[in-house]
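Notes to accompany the following structure.
Just so you know, all these numbers are worked out from the coordinates, no wet-lab data involved. As the structure is a prediction and not an experimental result, all values here were calculated from the model. Note that we place each Cβ from the backbone using ideal geometry, even for glycine, and neighbour counts take in every protein chain shown.
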Amino acid sequence: MTARPLMDVRGLSKAFPAPQGLLARLRGEPRRAVQALSDVHLSVQRGETLGIVGESGCGKSTLARCLVRLQDADQGEVRYEDLDVLRLRGLDLRRYNRRVQMIFQDPYSSLNPRMTVGQMLREALSVHRLRPRAEQDARIQELLTLVGLPPAAAGRAPHEFSGGQRQRVGIARALALEPDCLIADELVSALDVSVQAQVVNLLLELQERLGLTVLFVAHDLRLVRHLSHRVAVMYLGRVVEVAPTEDLFRAPKHPYTQALLAAAPTLDPARRADAPAITGELPSPLNVPSGCAFRTRCPHAFARCAAERPLPTDVAGAQVACHLYSAPDGAVPG
């Protein structure tokens, strides 16, 4: 029997209005919209790391922001245990935000430059009433030790730290609220390669020590493979494949996943491809193709792909949104 997921996302969609020129306004043309998320389905089990990957602009960060309610989805449902997340307001929303914390991509802009590290952590403890004032100093030192920073860091401002240290401060600030779940949006993409491994290993240690659930949003496939128990692959605002990590990297099923992995850099000369992994241009999110969004770049596309949007199908332990796996005869069409 499958355990009940900690977080369950169903049919989540989000669109942003596109800029409209003066001439279009004068002509009375309807305002176009960028479809950032389109009918996203995901589930996250307690204690696991779910990696979310895809090309830039595929909707990964928008999904992360909708899950923590920094942006409101247009439609769909997000269940967190018994909570209907998209309907939460006031104190109930604050309690949810305590349990699900986001670590932002850019440690240079996500920290208040006018506050010391100690003041930031004390603010989190005070606003959410997590510790009496007499115990806050000890808790601040505990948090700094947890992320590998010295006690003296409490009295320093963000500009006095390196990028990796600032990201550790961001992790400490998130952990100050004692969350169940962390959503890491491109956690190390703004850091030097030499520092990335340190921060990733810290996240693994904290997950094991604190029993955290992690959504790891990234475009670096190597990091996702190292960190994740399962991987969700997104394309133009849609989830096209979800599978256990090693299954996905060993035998990807969706044509886009296959192309994405084939395009990943490799140091093995024998594995270098002569032909490009993905052909064609990425469609505009203002004009997403009908049916399967990947059909204009897919070597296996056939008539049904243009006429009907594929729904997720169970295929050998994976969820795959592709008509190749729902053909009546079970064969792969040419």
Dimensionless Rg/Rh of the chain, both radii on Cα and Rh by Kirkwood, sits at 1.00
Relative packing of peptides 156-165, 195-204 - highest average C-beta neighbours within 10 Å first: 195-204, 156-165
For the chain, what is the calculated [θ] at 222 nm in deg cm²/dmol (nearest 500), taking -39500 (n - 2.57) for each run of four or more DSSP H residues and dividing by its residue count? -9000 deg cm²/dmol
For the chain, size of Cβ-based charge dipole, Lys and Arg +1, Asp and Glu -1, in debye: 820
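Among 114-122, 215-223, how do they line up by average Cβ neighbours within 10 Å per residue, starting with the highest?
215-223, 114-122
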Cα convex hull volume per residue for the range 197-264, in Å³, equals 91
Over the Cα atoms of the range 51-147, Rg to Rh with Kirkwood Rh, two decimal places? 1.02
Integer Hz, Karplus 6.51/-1.76/1.60 couplings in order for the range 217-231, x for Gly and Pro: 8, 7, 10, 8, 5, 5, 5, 4, 5, 5, 9, 8, 7, 9, 10
With no solvent term and unit scatterers on the alpha-carbon positions of the range 57-215, Debye gives log₁₀ I(q)/I(0) at q = 0.08, 0.13, 0.16 Å⁻¹ of -0.23, -0.63, -0.95
Just order 287-297, 87-97 by mean Cβ neighbour count inside 10 Å, highest at the front, would you? 287-297, 87-97
